[in-house]
Amino acid sequence: MFKTLKKLKIFLPFKKKEEKSEESLTKAIKKIDFDKFQDSIHYKIIDKFYFITALTHRSFLKIRRDPNNLSLISNERLEFLGDAVLDLVVAEFLYKNFPLNEEGDLTKFRSILVNKRFLAERAKSIRLQDFLLASNTAVKSIEEGYDAILADAYEALIGAIFLDSGYEASKRFLNQEIFVKLDIKWLNQFDENHKSKFLEYAQAHTEFIPEYFVINEEGPEHHKLFTVEVHLAKHCLGIGKGKSKKQAEQEAAKNAIQNIDAIDKLGLKKRK
């Protein structure tokens, strides 16, 4: 009899741990209104577990105080995956939609579209905070404007969609939630490729191509300062200075764009 009880004592704690783990997961599932959540993200969920994980902030697991709970994990690994998927989708979008921009511009645009503040705003637009499993402290920090938790959850959501339905589904989600609503003019304001802009203008409105000339170099080799002029049909339209020739050329082109009226006054515009 005592031997039987001892055996039961050995197995009962494991049974309790399993029950506790299942109970924790069940409570988490009940806390999320999946019908409302699917409507909010405009996506039909196949496997709920991916999305429970995406919505679980690590602070929620600390509340559970269940170190043996293997069923419920935080969204940090999914965030890692979603970050990579987001980078690829955004890079593909920029490559196809900004054919005239150089690699440096595309890199800059991508950094704008994947930064924490921007992603947190996209998360708020689908009311992601209403579905998060997080501690009261974490929820309060979101309300006070702390972007990281929401931005990380948004990336985890992308990761969940990728695992649930694949790359094309992730792309459709981001197209709907970011690119369709994206004002290209808003993104273009961050374009500092003044040389490209001036070249496009010159090609569209004149018969000439801008030429750049270094007219001065100052300072030691390790700390040079270059002065560059940009000419159109041998007329100087802008001067710029910079620590490199490229920087000085960009500054000269920027000044030329601000001086664009001079092209008409000099009679350089194409005849209609």
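The values are calculated or read from the model by the stated rules, or taken from the named source; none is laboratory data. If you're wondering where the values come from, they're calculated on a predicted model, not measured in any experiment. Note that we place each Cβ from the backbone using ideal geometry, even for glycine, and neighbour counts take in every protein chain shown.
Computed quantities for the displayed model
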read-out	value
Boolean, Arg122 is assigned to a helix (DSSP H, G or I), at pLDDT 85 or above, among the basic types (Lys, Arg) and under 24 Å from Ser74 (Cα atoms)	yes
Within the stretch 221-241, considering residues that are farther than 14 Å from Glu251 by Cα and either of a type in the set (Lys, Arg) or in a loop (DSSP other than H, G, I, E, B) (or both), the one nearest to the chain's Cα centre (by Cα)	Lys224
Meets criteria (under 25 Å from Val180 (Cβ atoms) and assigned to a helix (DSSP H, G or I)) for Gly104	no
Check on Ile73, farther than 20 Å from Arg172 by Cα, surrounded by fewer than 17 Cβ atoms within 10 Å (Cβ to Cβ), modelled with pLDDT under 95 and touching a strand residue (DSSP E or B) at 6+ places or on another chain (Cβ under 9 Å)	yes
Which numbered condition Gly166 fails, given (1) over 26 Å from Tyr50 (Cβ atoms); (2) surrounded by fewer than 13 Cβ atoms within 10 Å (Cβ to Cβ)	(1)
Any hit, the stretch 142-151, residues being crowded, with 19+ Cβ neighbours inside 10 Å, of a type in the set (Val, Ile, Thr), over 14 Å from the mean Cα position of the chain (by Cα) and at pLDDT below 90	yes
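Residue-by-condition table, conditions (1) hydrophobic (A, V, I, L, M, F, W, C); (2) assigned by TED's automatic domain parsing to the domain that holds Phe51; (3) closer than 27 Å to Glu103 by Cβ:
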{"residue": "Phe162", "(1), (2), (3)": "yes, yes, yes"}
{"residue": "Glu211", "(1), (2), (3)": "no, no, yes"}
{"residue": "Gly219", "(1), (2), (3)": "no, no, no"}
{"residue": "Leu225", "(1), (2), (3)": "yes, no, yes"}
{"residue": "His231", "(1), (2), (3)": "no, no, yes"}
{"residue": "His235", "(1), (2), (3)": "no, no, no"}
{"residue": "Lys270", "(1), (2), (3)": "no, no, no"}
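A quick yes/no check of all residues on (1) more than 20 Å from Val89 (Cα to Cα); (2) in contact with a Gly (Cβ under 9 Å, 6 or more places away or on another chain); (3) among the basic types (Lys, Arg); (4) in contact (Cβ under 8 Å) with a residue 12 or more places away in the chain:
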{"site": "Leu113", "(1), (2), (3), (4)": "no, no, no, yes"}
{"site": "Arg117", "(1), (2), (3), (4)": "no, no, yes, yes"}
{"site": "Ile126", "(1), (2), (3), (4)": "no, no, no, yes"}
{"site": "Gln129", "(1), (2), (3), (4)": "yes, no, no, yes"}
{"site": "Leu132", "(1), (2), (3), (4)": "yes, no, no, yes"}
{"site": "Thr137", "(1), (2), (3), (4)": "yes, no, no, yes"}
{"site": "Tyr146", "(1), (2), (3), (4)": "yes, no, no, no"}
{"site": "Leu150", "(1), (2), (3), (4)": "no, no, no, yes"}
